[in-house]
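See structure below.
FYI, it's all coordinate maths here, none of it is from the lab. The structure presented is a predicted model; accordingly, all values stated were derived computationally and were not measured. Every residue, glycine as well, gets a Cβ built from its backbone with ideal geometry; the counts of neighbours run over all protein chains shown.
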């Protein structure tokens, strides 16, 4: 009989081979579509500008000084007279460095690598069972995120590290690293700040039962780890864009100011189920929807077993 660790290793190895083969069959250069293409242009622009500017390359700039005919008008923002991408400059800068070693057509392999690094973090975590690992790989977009040129795979890697240290032995270093990695994802996705706030809110709600003094006492080191990347992120954005939340926020100001609850609910429905020619999250990975019911029934069965044991005692 194979032990749990060997089972995980064999499974992750097979999954890894499948996704590498899948990306190779598609052709990594064929995955640059819409957002991914803009991120590639941003990456190449930073390299061409020798890391002195993130202004997007535009060969007709001298003829079209106002960028009225820019080929990416809906994917750019103007800051201080420069056409910029609204996506993470840190993600683009990291990949611009990698362009010194690999061809730009192979950058999606880097994203796939970070997806598997995330899986490896789950692999060495004692809190992640083998069925949960299978669910994470096949029932969520965890690895699928690595099949395109996207910062999401790196974001998930940082979050996985944060959770790994959060549930590890509660030394001061591990506590700090937990908060640091959970919060550092904000350099790649602005929405990560919402995730961190909600995470600690539910910790405060379910673990500490609204006991603010106990929460601050126990979580102070982790919160310090969270605050450090946030401060660095704010300073970076003030320097580059003159706004604490950066390019992503500036590009979405219009939609945020015209917020409509019904419209947002419709978007949520479309993302979860089905919209136009797109398949929603549960349609894309139906095993995840099935697993929700499975784990819910498992929880009920566990409660029933505990109740019976209590009655017997």
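Can you name the number of the only condition in (1) closer than 18 Å to residue 118 by Cβ; (2) in a helix (DSSP H, G or I) that residue 149 fails?
(2)
Restricting attention to the range 186-231, which residues are out of contact with any helix residue (DSSP H, G or I) (no Cβ under 8 Å at 6 or more places or on another chain) and within 20 Å of residue 92 (Cβ to Cβ)?
Scanning the range 186-231 gives a single hit, 191.
Would you tally the residues in the range 35-62 being touching a residue at least 12 places away in the same chain (Cβ under 8 Å) and exposed (fewer than 12 other Cβ atoms within 10 Å of the Cβ)?
1
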